[in-house]
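A short worksheet on the structure shown next.
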Amino acid sequence: MNLYVDTSNKYIILVLFNDSEIAYSKLEANRNQAEIFVPYLSGFLKENNVTLEDIDKFFFAKGPGSFTGVRVGLTYAKALKVSGYNNLYTINSLLVLCANLENAQSVIDARGKKYYYQEIIDGHIKEPQLIDYDQINIDSVNTYETAIDLIPNNVVNIVKNKLYSDDLEILYIKEAIS
C-alpha cells in the first residue's frame, strides 16, 4: 500500500493506493497545514485501519506551491527518513493536476500576478516555469480547484509511469532572467 501526501496548497490531500485508489481525503486548510496536518493524517490512517508500518512507499508533493505548505509535508517526510523509513519519494505538485500525461497544462497561483506553470506536449513533460497572469487563459488549464478530485487517479498514473523522484528537496521555480 502507498500513501500520497500533498500540503503544497490550501488543501491537505491524502491518498492511499496500490494500482488504484483505496482511500482519498481532502481538507481545506488554507494556511493552517502546520497545525492540523499530523492529527489529520493520523485520523485518516486510523479511519482506514492503516498504520505507518503498513505503508510500502510514501509520496510527497514537492512543490511548487505555498512556501510553508510545501515545507510541512517535506519536513514530515524527512522526519520519517530519520525514523528509519526509506521508501520516500516526491512528486511535482503541478504534475498531479494533469490527468492526461500526453497533453495537459496546469497552474498553481504563485501570487504577485504570477503562476507556476507546467505543460505536457505529446508525452514530453516540459520544465515547470513561472509565468505572468496574462500569459495563460486560466479557464483552459488544470488548477487545484478544477482537478482536485482527479488527483488520486493522477497520482496512481504518475507512480505507474515512475514520474517521481527519490530526493526530498523542494521544487523551486525561479523567475527567468531576461
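The values are calculated or read from the model by the stated rules, or taken from the named source; none is laboratory data. Note that this is a predicted model, so its numbers are computed, not measured. Note that we place each Cβ from the backbone using ideal geometry, even for glycine, and neighbour counts take in every protein chain shown.
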Residue under question is Ala77, and the condition is that it be out of contact with any helix residue (DSSP H, G or I) (no Cβ under 7 Å at 6 or more places or on another chain), crowded, with 18+ Cβ neighbours inside 10 Å and within 20 Å of Asn137 (Cα to Cα); does it hold?
no
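One line per residue, one yes/no per condition, for (1) among the hydrophobic types (A, V, I, L, M, F, W, C); (2) not in a loop (DSSP other than H, G, I, E, B):
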{"position": "Tyr85", "(1), (2)": "no, no"}
{"position": "Ala99", "(1), (2)": "yes, no"}
{"position": "Ile131", "(1), (2)": "yes, yes"}
{"position": "Asp134", "(1), (2)": "no, yes"}
{"position": "Val156", "(1), (2)": "yes, yes"}
{"position": "Glu169", "(1), (2)": "no, no"}
Search result, residues across the range 29-57 that are over 16 Å from Arg71 (Cβ atoms) and either modelled with pLDDT under 95 or part of a helix (DSSP H, G or I) (or both)
Pro39, Tyr40, Ser42, Gly43, Phe44, Leu45, Lys46, Glu47, Leu52, Glu53, Asp54
As an exercise: evaluate Gly69 against (1) over 15 Å from the mean Cα position of the chain (by Cα); (2) touching a residue at least 40 places away in the same chain (Cβ under 8 Å); (3) assigned to a helix (DSSP H, G or I) and give the number of the one condition it does not meet.
(1)
Within the range 96-131, can you find the residues that are farther than 16 Å from Asn154 by Cα, in contact with a strand residue (DSSP E or B) (Cβ under 6 Å, 6 or more places away or on another chain) and not hydrophobic (A, V, I, L, M, F, W, C)?
Lys114, Tyr115, Tyr116, Tyr117, Lys126, Pro128, Gln129
Looking at (1) of a type outside the set (S, T, N, Q); (2) without any contact (Cβ under 8 Å) to a residue 24 or more places away in the chain; (3) within 24 Å of Tyr11 (Cα to Cα); (4) surrounded by fewer than 11 Cβ atoms within 10 Å (Cβ to Cβ), can you tell me which one Tyr133 breaks?
(4)
Going through the range 105-145 in order, the residues found to be farther than 15 Å from Leu95 by Cβ and β-branched (Val, Ile, Thr) are Ile131, Ile136, Ile138
Here is a list: Ala23, Ala34, Ala61. Which entry is of a type in the set (Gly, Ala, Ser) and buried (at least 22 other Cβ atoms within 10 Å of the Cβ)?
Ala61
Listed residues Val82, Val107, Val141; which is exposed (fewer than 13 other Cβ atoms within 10 Å of the Cβ), among the hydrophobic types (A, V, I, L, M, F, W, C), over 24 Å from Ala23 (Cβ atoms) and out of contact with any Cys (no Cβ under 6 Å at 6 or more places or on another chain)?
Val82
